[in-house]
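Okay, so here's the structure we're looking at.
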Amino acid sequence: MYVIPAVDIMGGRVVRLLRGDPKLAKSYAHLGDPIALARKWESEGARMIHVIDLDAALGFGGNLETITRIIQSVKVPVQVGGGIRSLERASQLIDAGAGRIILGSLAFKNSESIRVLLNNFGQDRIAVALDHLRGEIMVDGWRKSAHMTLKEAVKMFSAMGVKFFLVTSIQRDGTLSGPDIESLSRVVELDVNVIASGGVRSLDDIRVLRDLGVYGVVVGRALYEGRFSLKEALKVSLNKNG
């Protein structure tokens, strides 16, 4: 299982939101700028880094220059999401060197774009974000319903050839309240690569997700606030017996 540390960017700084609310943004500038933090995660053993452009996701602008510098500053793949609402933006990020891009609203509003991107860049470079509130998919910065359940979305996109899904519990995102195991279980049983996000607070959570069979887990606030180290999480993720 991949443990994928997060670098969430707003206004050029590292922040975390609570349940996606920009009014509840907490700065972690003391950890360094986004580039320094990405380098720190790489030096501690990360095999992939998760970068989200919160400004782009919320329609406040974007951090393309910073994201490009992150990609250029580390040797491990960088998974990038947030505000990718056009084919042009998606291609721009892949051309900048993103190892994988995460599509949310674009996937639900223009599913043909998924086919185009899969054909152009391959299955390993494309992930679909399934941001959900009690099992219902939300789009547009988590503000509108897509009128679709988690299972319905996975079945639709996997039929198109999508292999990777970032499953985020909005209710638990940034809360340190534990992952939404029930919802994740329903998706894992559909035989797709699930990247879990939202609520991770302890090494026990990492163990539970590992045993559940998810492909990866994104960890943000728990790492930022020292609940455990990335090295500890990586050790647990690879140890089937502990």
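Might you let me know whether region 16-35 holds any residue that is part of a helix (DSSP H, G or I) and among the polar types (S, T, N, Q)? Before the answer, list the steps.
Going residue by residue through region 16-35, those that are part of a helix (DSSP H, G or I) are 29-31, 34-35.
With the extra rule that they be among the polar types (S, T, N, Q), the set shrinks to none.
No, that holds for no residue.
Which one is most open to solvent (accessible area, probe 1.4 Å), of the residues in region 67-94 that are assigned to a loop (DSSP other than H, G, I, E, B) and under 21 Å from ASN120 (Cβ atoms)?
Taking region 67-94 first, the residues assigned to a loop (DSSP other than H, G, I, E, B) are 74-77, 82-86.
Then drop every residue that is not under 21 Å from ASN120 (Cβ atoms), which leaves 77, 82-86.
On the way: PRO77: 59, GLY82: 18, GLY83: 23, ILE84: 7, ARG85: 101, SER86: 37 Å².
Of everything passing the filter in region 67-94, ARG85 is most open to solvent (accessible area, probe 1.4 Å).
Within region 55-70, count every residue that is within 15 Å of ASP33 (Cα to Cα) and not polar (S, T, N, Q).
Pass one, region 55-70, residues within 15 Å of ASP33 (Cα to Cα): 63-70.
Going one step further and asking which of them are not polar (S, T, N, Q), we end up with 64-65, 67, 69-70.
Matching residues across region 55-70 total 5.
Has region 14-34 got at least one residue that is among the polar types (S, T, N, Q) and open to solvent by less than 40 Å² (accessible area, probe 1.4 Å)?
Residues of region 14-34 among the polar types (S, T, N, Q): 27.
Filter once more, keeping what is open to solvent by less than 40 Å² (accessible area, probe 1.4 Å): none.
No, that holds for no residue.
Restricting to region 131-144, name every residue that is of a type outside the set (Asp, Glu) and in contact (Cβ under 8 Å) with a residue 12 or more places away in the chain. Outline the logic, then answer.
Step one: list which residues in region 131-144 are of a type outside the set (Asp, Glu), which gives 132-135, 137-139, 141-144.
Residues satisfying the conditions are HIS132, LEU133, ARG134, GLY135, ILE137, MET138, VAL139, GLY141, TRP142.
Could you tell me whether VAL51 is closer than 19 Å to VAL139 by Cα and either in a helix (DSSP H, G or I) or not small (Gly, Ala, Ser) (or both)?
On the way: closer than 19 Å to VAL139 by Cα: yes; either in a helix (DSSP H, G or I) or not small (Gly, Ala, Ser) (or both): yes.
Spelling it out, VAL51 is indeed closer than 19 Å to VAL139 by Cα and either in a helix (DSSP H, G or I) or not small (Gly, Ala, Ser) (or both).
Can we say LEU64 is in contact with a strand residue (DSSP E or B) (Cβ under 8 Å, 6 or more places away or on another chain), open to solvent by 10 Å² or more (accessible area, probe 1.4 Å) and hydrophobic (A, V, I, L, M, F, W, C)?
On the way: in contact with a strand residue (DSSP E or B) (Cβ under 8 Å, 6 or more places away or on another chain): yes; open to solvent by 10 Å² or more (accessible area, probe 1.4 Å): yes; hydrophobic (A, V, I, L, M, F, W, C): yes.
Yes, satisfied.
Can you list residue pairs whose Cβ atoms sit under 8 Å apart, with the first residue in region 146-161 being charged (D, E, K, R) and the second being open to solvent by less than 30 Å² (accessible area, probe 1.4 Å) and part of a helix (DSSP H, G or I)? Count only pairs 6 or more apart in sequence or on different chains.
Close Cβ pairs (under 8 Å, with a partner that is open to solvent by less than 30 Å² (accessible area, probe 1.4 Å) and part of a helix (DSSP H, G or I)) amount to LYS151/VAL187.
If I filter region 120-151 down to residues being more than 27 Å from ILE70 (Cβ to Cβ) and part of a helix (DSSP H, G or I), which single residue comes out as least open to solvent (accessible area, probe 1.4 Å)?
Ranking the qualifying residues of region 120-151, first place goes to LEU150.
Any chance you could count how many residues in region 108-119 are assigned to a helix (DSSP H, G or I) and either farther than 25 Å from GLN92 by Cβ or open to solvent by less than 70 Å² (accessible area, probe 1.4 Å) (or both)? Spell out how you get there, then give the answer.
Going through region 108-119, the residues assigned to a helix (DSSP H, G or I) turn out to be 108-109, 111-119.
Narrowing further to those that are either farther than 25 Å from GLN92 by Cβ or open to solvent by less than 70 Å² (accessible area, probe 1.4 Å) (or both): 108, 111, 113-114, 116-118.
Selection size over region 108-119: 7.
Out of ASP180, ASP205, I need the residue that is among the acidic types (Asp, Glu), surrounded by 21 or more Cβ atoms within 10 Å (Cβ to Cβ) and in contact with a Lys or Arg (Cβ under 7 Å, 6 or more places away or on another chain). Which one? Please lay out each step first, then the result.
On the way: ASP205 fails: in contact with a Lys or Arg (Cβ under 7 Å, 6 or more places away or on another chain).
Residue meeting the stated conditions: ASP180.
The values are calculated or read from the model by the stated rules, or taken from the named source; none is laboratory data. Here the structure is a predicted model, which is why all the values come from computation and not from measurement. Glycine gets a Cβ as well: all are built from the backbone with ideal geometry, and neighbour counts include every protein chain shown. Remember, those area values only see protein heavy atoms, side chains included, never the ligands or the DNA or RNA. Shrake-Rupley method; radii C 1.70, N 1.55, O 1.52, S 1.80 Å.
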